Structures are given as structure tokens and as C-alpha cells.
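Each remark here refers to the structure printed beneath this line.
The values are calculated or read from the model by the stated rules, or taken from the named source; none is laboratory data. Worth saying up front: this structure is predicted, and the values here are computed from it rather than measured. Using ideal geometry, Cβ is built from the backbone for each residue, glycine included, and neighbour counts are taken over all protein chains shown. Remember, those area values only see protein heavy atoms, side chains included, never the ligands or the DNA or RNA. Shrake-Rupley method; radii C 1.70, N 1.55, O 1.52, S 1.80 Å.
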Amino acid sequence: MEDPSVPQDPGSSPIRFRRKAVPEEKTKESWQQIETAISRKKSGMVRRIVIRALAAAVLLPLLGYAAYNIYCSIVSDSMKSYHTAYGEIKQVVLPDSSIVYLNANSTLRIPVEWNPAESRSVWLDGEAYFEITKKPGAGNAQFIVHTAEIDVAVLGTKFNVNMLGARTTVSLKEGKVQLTASDKVFMMKPGDEVQVEKHQSKLREAVNTELIADWRNHRYHFENTSIAEISSIILTKFGYEVVILNDEINHKKISGDLYAEDITQLSRALSITMNIQIETKDDQLVFKNKE
Amino acid sequence: MPDAYEQGEDLTRSWQLVLQGDARAYAGIHGQLHPVLYRYALAMLGNEDVAQDAVQEVFIRIWYKKETIGLLQNVRAFFFTALRRQALNQLRGLRSLQILPPGEPDIEFSPEDILIEQEHAAERQSRISQYLNQLPRRQKEVIYLRFYEELSYTEIAEIMKVNYQSVINLAHKALTQLRGMMGHIPLWWLLLHLF
């Protein structure tokens, strides 16, 4: 520590500061995370070194032979792809043990292997709910969801990304998310929902976080939802085109929660709520007034 | 700062235990340094979650590298240095995603940071924090580390990767500017806070 009487010391500050107090929970929470990280890796590290040494001894001679095959496979399919059919919901566990729930008619593409020096990236088309694990201690701490319209960058959170028609919606359940649309950047906090459409994006605050990604439980939450939107959901999630025979149905709006495991249950629930008749014809759902 | 010195002794001892694999001693170091480091990370990164992550990352990484690190003269300065590097990397990462505009880390002082016991405090606090924020970035960082976190100039030199004399010069410039900018604040008030 320097002697304050040293002539070159520029002296004390003409102002004094009040340090911001850091809440104790913050420190505790930090240590919990660190503790799990350092105790989990402890045994793993030794094991990994042994495995590496063994692997090197066994694999090196084979490497030359394998190189060609590996090269081919990297070029042809360095990406792994998951797809859900209409009406299907799938759970995918990523290599970092993050969990992705993939809603109907959606595709998730991930690299077969993540470069530890880069961010973890996935590509999404459709709708998915992400539960991303933190990756402290590793180089690729950041996790990025790429879609056609936006990039969502996170460090460890739970959030839903939904593409419906021309609109992409990101809803944040936990943690913090940085969302990059073509021209705008949003910093989201839990309960925030950002809707991105061509040339306009808007932020809604205080969305009920309980309802985010409720589709995983086959629940549909409608709030003054238009028939156009419901038609769009039915088309993207179940592959049925909605045909409306009576114009007055077009002006109806729906509010409430529905439970439906498949399109039959959904159309029954809708017909009761809206007091209309719904008929299934091939890949069409026909909405009409009750006879 | 007699406490800081005692704390330093304590940290050096804990670090020796950590080198023997003592996780509880590491918890002790974390307990002492987390608030200070978190504040510094928050000042640089401007986001609570990102700051918290940066600090955790530093603690985890240092634990695994402890054997290569070996004995430390100044544990606190070492953690500050590691955190600063981590924050710079993180800023670079966020910038490459175009989430943040390019540039150096920029500490921002808020009016609540300024301690004032007089009336009309709010107005003066915001004026002073404005002055501080107008200082060049490196000067701001020196002011932050020296007078906000009360680190020694030797430590600051280590953390900011510049030599001792440069830190003194930066501090000197900053303080001169600060005193100059505060010229129209009444003299009695300045005197009150000089020592």
C-alpha cells in the first residue's frame, strides 16, 4: 500500500462516495452456483483426463483411417435437426443439458457439436420453449436462438419463442434476455413479451409468466383473440385450414382458457365457447352458425 | 484504510488454504470479495445478471486454475484483474452480436453514489455525477477504484495493466478536472469534503 505522504500522490478526492450495498442474497446465490460448478467438475476433471489419455492411445492409430469419413460427415451433416408433425409436441435435451420443448410443426436445428470457444447457437422455425442451463466456467456461456427475423441471446433463462404468420413473439419467464430484431434491441425482464413484425416491434410488460408456454400442457390461453389469429394457430399447429361460412363469425373474439390434446378436442371446445358449429372436412375446419 | 490492510492479510491466508484445495476458505474469499467485485462488474457491464455471471465465471475459472496461479501477493487485486478481463471479453462478445455499441467499458456514476449531507443534496448529487461521467473513461475507472472502492494505487496499476506512475497521472488529471469543474460549487462545501 502506498504512503499517502509521497509527494506525487494526487491527493484525496473533493467528493466522497456512498457505496451501493450488495444484497446478501446476491452473494449467497452466487456462491451456490459456484459451489455446484466447482464440486461437480472436481471428479469429472480427473476422469476426463484419464479418458482423454486412453482415447488418445487407442484412437491415434485409427485417426488417419477415420479422418476421411469424419470429414465427409462434417461436410454433409454437421447439423442435427428435430422436427415435430402437426399436433405433436416433443422434448429435446441439448448437449449442454438445456431442455427445449418443441411445439407442433416446428423445426429446431443444432450443430452436432458446439465449439467451446463460441456461443451455443440453435436455429428455430416454429415455436419452442427453452430452459437454458447456465454454463459457467466454459467459453460458450452465451446461448443464441436464431430465427428468420430475430436473434435471442441469453445466459441461462426460460423463455418462449413463437413464430406465427409474419409475427415472432418472445416471452420471458425467468432471467434476462437480449433480443435483436432487424433494427432494434430489447433488454427483456421476466414477464416481458416482445412481438416483432416487419417494420414494427413492440414490448408488452407484465405478462402472466404462469401462462408462458402453457401449450406444453395442451392449454390455450385466449385474451380477446380474433378468429384470424385462431385460424392461424390451427393452420400452423395442426395443419387444418379454417373456412368461415358466416361473416358474423369473423367478428367474434374469444377470451378464456381451453384444454385440448388434439384438433378434435380443440374444435369441440371452440364450438362450445363460440356457440357455433365446427365440421371437419379433409384438411379443413368449417366454422358455421348453429342450425 | 486500516481495514483494507487487515482484510488483505486475511485473504492471503485464505488463498493459501485454497491452494490446498480448501473450498471453505474459497467460500470465505468469495464472501468478502463478491460484493466489491459485483459492484465493479455492474459498473462496467451495466446489467445485474450479466454482472453476476461475470463474477461467478471468474470464481469458477480461478478455482480450476489455482495450481497454475500459485501464491498471490495481493488476492483482491488478482480477482479484480481477472474480473476486468472477463468483463472486457463479455463486452466484446455482446458487441459482436451487435447488442452493444462498440467501444471501451464505460463506468457510469449515478447521483445516489455521491455522498452529501447538505440540503439540496439531490440537485448537487446529480450535478457531481454528471461531472464524473464526463471524465475520460480511464480517469473514471481510476476514480472509481481509488475513491469508490478505496483500492490502493498499486492495486489499480495491476488491475488496469498500466504502471504506477500512469495511474497517479490519471488520478491527478481526473482530480484536477474534477476540482476545476466543481469550481462554482461553494468553497465552504469543498472544504467540508476535502479531508
Point to revise | Accessible surface of B:TYR164 - all protein chains present, 1.4 Å probe, nearest 10 Å² | key: 70
Practice item. Under a cut-off of 29 Å between alpha-carbon atoms, report the lysines in cross-link reach of A:LYS202, not counting same-chain residues fewer than 8 places apart. Key: A:LYS134, A:LYS158, A:LYS173, A:LYS176, A:LYS184, A:LYS189, A:LYS237, A:LYS252, A:LYS253
Review point. Stretched out fully, how many nm does the piece from A:VAL243 to A:SER255 gain, at 0.36 nm a residue minus the Cα gap?
Key: 2.2 nm
Study note, to complete from the structure: Carbon and sulfur atoms account, in whole percent of the 1.4 Å probe accessible area of segment A:157-291, for 44
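Compute the FRET efficiency between A:THR225 and B:ARG61 as 1/(1 + (r/R0)^6), taking r as their Cβ-Cβ distance and R0 = 51 Å, and round to the nearest 0.05.
Numbers: r = 48 Å, r/R0 = 0.94.
E(calc), rounded to 0.05, equals 0.60.
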Study note, to complete from the structure: From the Cα centre of segment A:78-107 to that of segment A:141-184, the distance in Å is 16
Practice item. State, to one decimal in nm, how far the label point of A:TYR82 lies from the label point of A:ALA206, with both points 7 Å from Cα in the Cβ direction. Key: 3.5
Study note, to complete from the structure: The simple spin-label model distance between A:LYS20 and B:LYS161, using points 7 Å out along Cα→Cβ, in nm, is 2.6
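Before we go on, tell me the buried accessible area for the A/B pair, both chains summed, 1.4 Å probe, in Å² to the nearest 100.
Details: alone 18880 and 11510 Å², together 25360 Å².
Roughly 5000 Å² of accessible surface disappears when A and B pair.
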Point to revise | Heavy-atom accessible area ranking, 1.4 Å probe, most first, across A:SER30, A:SER232 | key: A:SER232, A:SER30
Study note, to complete from the structure: Quick note, segment A:169-235: a/c under 1.5 would make it rounded; otherwise a/b > b/c is prolate and the rest oblate (a ≥ b ≥ c, C-alpha gyration tensor); here it is oblate
Revision key, fill the gap. Listed by chain and number, the lysines with an alpha carbon less than 19 angstrom from that of A:LYS80, same-chain partners under 8 positions apart left out, are A:LYS90
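Mind checking A:184-191 for the average number of partner chain beta-carbons within 10 Å of each residue's beta-carbon?
Working: counts 0, 5, 1, 5, 0, 2, 0, 0.
Across the residues of A:184-191, the mean count of other-chain Cβ atoms within 10 Å is 2.
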Check your understanding: Label A:ASP214 and B:LYS173 with points 7 Å out from Cα along Cα→Cβ: what is the distance between them in nm?
Key -> 5.8
Point to revise | Proximal lysines to B:LYS66, defined as alpha-carbon separation beneath 17 angstrom and excluding residues fewer than eight positions away on the same chain | key: A:LYS41, A:LYS42
Practice item. Take every residue in peptide A:20-31, count the Cβ atoms of other chains within 10 Å of its Cβ, and give the average of those counts. Key: 5
